[in-house]
Amino acid sequence: MTTDPISGDCQCGAVRFRIGTLGELSICHCRMCQKAIGSFDAPLVTAPELTWTRGASKLFQSSNKVKRGFCAECGTPLTYDYSSDPEIAIGALDHPELSTPIVQVCVADKLPFVDGLADLPAHANGVDSDEVRFMATIKTYQHPDTDTDVWPPANAQTD
């Protein structure tokens with residue numbers, strides 16, 4: 001199930017996109033994806049009919065086969081491009097919760113602790129008073145998960 005339209009953006013909002021449908025949803029564990037996304041793995045979805053609706057990703061040729069797209073303003077990883085249908089980072093979608101991966105690839109490179117992450121102790125939100133005080137001081141400058149008429153907004157952080 002997906003919302004219509006399927007859209008997303010980078011962290012700052014300089015780049016927004018729309019895709020026709022959600023294609024294959026996967027998690028890649030290869031070392032190049034780990035570095036490109038800056039995480040343990042790269043959750044990706046094939047993005048048929050990808051259209052840039054604000055700006056466009058800047059490309060980095062990460063190998064002889066793959067170009068990776070990112071926002072030149074804020075650095076958000078956006079695409080993995082090796083065929084006619086690029087893949088979009090699931091976290092860049094406005095509704096990533098609707099994009100459950102169905103396959104893992106390059107599992108030989110999976111970091112040894114990844115399968116045990118769900119077993120780590122979890123702190124409930126609002127229990128730690130230091131965390132509560134810190135979070136109360138946060139003012140986000142991140143673009144909302146929706147289309148906006150203007151970017152950047154008049155009250156955007158500029159430093």
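The values are calculated or read from the model by the stated rules, or taken from the named source; none is laboratory data. All figures in this text were calculated on a predicted structure; none of them were measured in a lab. Cβ placement follows ideal geometry from the backbone for every residue including glycine, while neighbour counts extend to all protein chains displayed.
Listing for the model above:
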read-out	value
Restricting the stretch 27-72 to residues that are among the charged types (D, E, K, R) and without any contact (Cβ under 8 Å) to a residue 60 or more places away in the chain, the residue that is surrounded by the fewest Cβ atoms within 10 Å (Cβ to Cβ)	LYS65
Subset of the stretch 104-156 that is of a type in the set (Asp, Glu) and in a loop (DSSP other than H, G, I, E, B) - its residue that is nearest to LEU25 (Cα to Cα)	ASP145
Qualifying strands (runs of 3 or more DSSP E) (wholly inside the stretch 19-85; at least 3 residues being on the phi < 0 side of the Ramachandran plot and touching a Leu at 6+ places or on another chain (Cβ under 7 Å))	67-70
Verdict on GLN104 being more than 19 Å from ALA14 (Cα to Cα), at pLDDT 95 or above and touching a His at 6+ places or on another chain (Cβ under 7 Å)	yes
Complete set of residues in the stretch 77-106 that are more than 19 Å from PRO144 (Cα to Cα) and either among the basic types (Lys, Arg) or surrounded by fewer than 19 Cβ atoms within 10 Å (Cβ to Cβ) (or both)	TYR82, SER83, SER84, ASP85, THR100, PRO101, ILE102, VAL103, GLN104, VAL105, CYS106
Residue in the stretch 122-159 that is modelled with the lowest pLDDT, counting only those that are within 24 Å of ALA92 (Cβ to Cβ) and of a type in the set (A, V, I, L, M, F, W, C)	ALA156
Where ALA72 falls short, out of the listed (1) over 22 Å from THR21 (Cβ atoms); (2) more than 15 Å from the chain's Cα centre (by Cα)	(2)
Hey, GLU97 outside any loop (DSSP other than H, G, I, E, B) and among the acidic types (Asp, Glu) or not	yes
Number of positions in the stretch 24-50 that are within 16 Å of the chain's Cα centre (by Cα) and farther than 24 Å from ALA108 by Cβ	2
Residues being of a type in the set (Ser, Thr, Tyr), modelled with pLDDT of 95 or more and more than 19 Å from ILE102 (Cα to Cα) - total across the stretch 64-85	1
